[in-house]
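Everything below concerns the one structure shown next.
What follows is calculated from the coordinates using simple rules that are stated; it is not laboratory data. If you're wondering where the values come from, they're calculated on a predicted model, not measured in any experiment. Note: ideal-geometry Cβ built from the backbone for every residue, glycine included; neighbour counts use all protein chains shown.
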Amino acid sequence: MIHTLAKCEWIKKSLPLCLISDSGTGKSHLLIALGTEAAMAGYRLEYATKLVDELSKPQMRRS
């Protein structure tokens, strides 16, 4: 699976990549490696860490 992701086909097809797992399982390390491969293939990238935490926060409602 990792070798497939490193080929960047998911980027060419505009598919998202979201890694979800317990803390300390290597998600960030893997994303850095995949990002490095993408950069070497000529893609621009942006890391959005803790996105799920931000999206799951309760939203304030205005009355």
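Quick rundown of the values:
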item	result
Theoretical FRET efficiency, 1/(1+(r/R0)^6), r = Cβ-Cβ of Tyr43 and Met1, R0 22 Å, to 0.05	0.70
Two-site label geometry, Ala33 and Ile20: point separation in nm, points 7 Å out along Cα→Cβ	2.3 nm
